[in-house]
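Structure, as structure tokens:
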Amino acid sequence: MDKELLKKAYAIAKEQYAGLGIDTDKAIERLKEIKISLHCWQADDVSGFERPDAELGGGGIQVNGNYPGKARNMAQLRQDIEKVLTLVPGRQRINIHAIYGDFQNQHVERDQIELRHFQSWTDWAKKLGLGIDFNPTCFSHPFADDGFTLSSKDETIRRFWVEHVKRCREIAAGIGKQLNDPVVNNIWIPDGSKDIPVDRFTHRAILKKSLNEIFAISYPAEYLKDSVECKLFGIGSEAMVVGSHEFYMGYAVKNNILLCLDNGHFHPTEQVGDKISSILQYIDEILLHVSRGVRWDSDHVVTFNDEIQLIAQEIVRANAVKRVNIALDYFDGSINRIGAYVSGIRAAQLAFLFAFLEPTEKLKKLEEEKKYFERLAFMELLKTKPFGAVYDYYCLTADVAVGEQYIAEIQEYEAGVLKKRS
Ligand code: RNT
Ligand code: ZN
């Protein structure tokens with residue numbers, strides 16, 4: 001791509017935004033502060049490394065597609081993520097699930113995992129300058145097969161998962177200590193019921209009890225941030241999810257822990273963007289699982305759509321960038337998986353850049369003056385401003401592929417690496 005042309009386009013964009021009172025250089029600097037936690041599970045369709053033939057099972061979530069090139073082991077998965085990191089500007093984080101431990105071909109039960117199983121991740125992340133986030137894995141396991149884990153009425157099963165999640169917190173805090181950077185440990189469980197249950201109350205009481213046991217140990221805030229993720233429904237849990245929004249919202253507020261909002265986890269007409277300014281009145285920080293639901297919680301690759309724009313705008317307008325932890329959560333096995341990562345990350349970055357390029361004070365003033373047509377017109381006009389030129393310039397200065405260049409680079413990686421995997 002012609003570098004001079006990109007610079008020229010940026011110079012024009014800079015002038016146009018300056019006319020609106022926006023400094024594009026500053027917007028880029030602010031974008032550099034946005035770290036996105038990359039979910040390791042897009043590279044291998046949420047399989048993990050517990051067994052060589054492991055696959056996502058149950059839990060109400062699903063991967064579709066059989067595109068060639070899935071990462072089959074730790075080396076391939078890391079190689080893929082390293083490739084992804086060369087194709088996006090800025091510094092990111094890596095989000096790992098407990099089933100991605102470095103188990104060295106040994107079978108390690110979930111209630112036996114230890115910090116040492118994740119040492120190679122910490123070393124790898126250190127080398128790459130990445131922060132780490134963590135997740136207990138309460139699915140793809142025989143003890144999750146009957147649909148209840150931490151809220152199970154079967155005490156053996158419940159205990160098993162309590163122990164697993166406790167260990168995950170300990171591991172996460174241990175990693176956070178080593179990196180000197182807090183690790184977000186996000187608890188999501190699949191518990192729920194396909195058909196109308198009678199005893200919702202007891203399952204929720206059991207979940208509360210399990211969480212209280214799990215959180216009985218406290219770790220320094222410099223090492224660990226605890227988070228809980230709610231959901232409206234899942235496949236096979238259409239009638240009730242135990243860890244609903246109300247359940248976890250209450251729990252998070254009462255205990256001042258993070259609430260995770262996955263934008264595939266609400267009714268399609270609800271907007272996560274609208275929830276942020278409410279929740280931040282009551283808790284210090286939130287975690288986002290940025291995803292794209294299509295008709296249901298389908299976990300499609302994130303695109304630059306209205307929903308993600310509103311999420312970024314609301315965070316920026318609320319001046320809450322430091323209080324929001326941003327992670328991606330989607331899994332699409334039907335297209336090139338590296339491409340899925342890169343376009344999703346870029347879409348999320350674009351949404352934040354778009355928000356940073358908004359003349360918010362100007363818009364607020366129109367709103368206060370009740371000039372609602374003018375507010376609407378202005379917001380529409382912002383969609384036609386050259387924010388793409390600003391993003392291109394950011395990529396150029398960060399020395400990563402600009403615009404469609406990244407497509408060609410991924411095609412090359414597919415031909416040279418992914419196609420050769422069996
Ligand atoms: C499932 C939740 C959860 C998972 C990951 C793999 O509906 O969104 O966050 O996607 O733990
Ligand atoms: Zn999620």
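Quick look at the values:
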item	result
With every protein chain in place, the chain: carbon and sulfur % of accessible area (1.4 Å)	51
Percentage of interatomic Cα-Cα distances in the chain larger than 38 Å	21
Charge sum, other residues only, whose C-beta stays under 15 Å from residue 75's C-beta, Lys/Arg counted +1 and Asp/Glu -1	+2
Percent of C-alpha pairs per 10 Å bin, segment 320-422, short to long	12, 31, 30, 18, 7, 2, 0
Cα-Cα separations in segment 196-324 greater than 25 Å, expressed as whole percent	30
Exceeding the 32 Å Cα-Cα cut-off - candidates 275/385; 177/364; 126/419	177/364
Nearest-20 debye value, the chain charge dipole, Cβ charges on Lys, Arg, Asp, Glu	600
Relative contact order (percent, whole number), segment 203-270, Cα cutoff 8 Å, 6+ residue spacing	36
Shape call, segment 77-164: gyration tensor on alpha carbons, a/c limit 1.5	prolate
Kirkwood hydrodynamic radius (C-alpha pairs) into Stokes-Einstein, segment 250-383, 25 °C and 0.890 mPa s, D in µm²/s	154
Residue-span extension gain [residue 360 to residue 91] - 0.36 nm each, minus C-alpha spacing	94.2 nm
Where a label projected 7 Å from the Cα of residue 404 along Cα→Cβ would reach, residues of segment 1-16 with amide N under 13 Å	1-2
Cα gyration tensor, segment 96-229 - rounded (a/c under 1.5), prolate or oblate	prolate
Neighbour net charge for residue 209 - beta-carbon separation under 12 angstrom, K R +1, D E -1	+3
Residue-normalised accessible area of segment 46-138, given per residue in Å² at a 1.4 Å probe	43
Principal-axis tilt of helix 119-128 within the chain, Cα atoms, nearest 10 degrees	10
Nearest-ten-degree value, helix 3-19 long axis tilted from longest Cα axis of the chain	80
Packing-based order for 157-163, 34-40, using average beta carbon neighbours within 10 Å, highest first	34-40, 157-163
Considering only the chain, percent of DSSP beta bridges that pair antiparallel, nearest 5	15
Proximal charge balance of residue 402 [Cβ under 12 Å; K/R count +1, D/E count -1]	-2
Cα long-axis angle, helix 387-398 against the chain (0 to 90 degrees, to the nearest 10)	70
Three-way shape label, segment 21-79, alpha-carbon gyration tensor, a/c 1.5	prolate
Kirkwood Rh and Cα Rg combined as Rg over Rh, evaluated for segment 207-271	1.02
Cα→Cβ-extended label distance, 7 Å offset, between residue 127 and residue 153, nm	5.1
For segment 1-125, alpha-carbon Rg over 2.2 N^0.38 Å	1.48
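The values are calculated or read from the model by the stated rules, or taken from the named source; none is laboratory data. Since the model is a prediction, treat every value here as computed from it, not as a measurement. Every residue, glycine as well, gets a Cβ built from its backbone with ideal geometry; the counts of neighbours run over all protein chains shown. We work out accessible area using only protein heavy atoms, side chains counted, and drop any ligands, DNA or RNA first. Shrake-Rupley method; radii C 1.70, N 1.55, O 1.52, S 1.80 Å.
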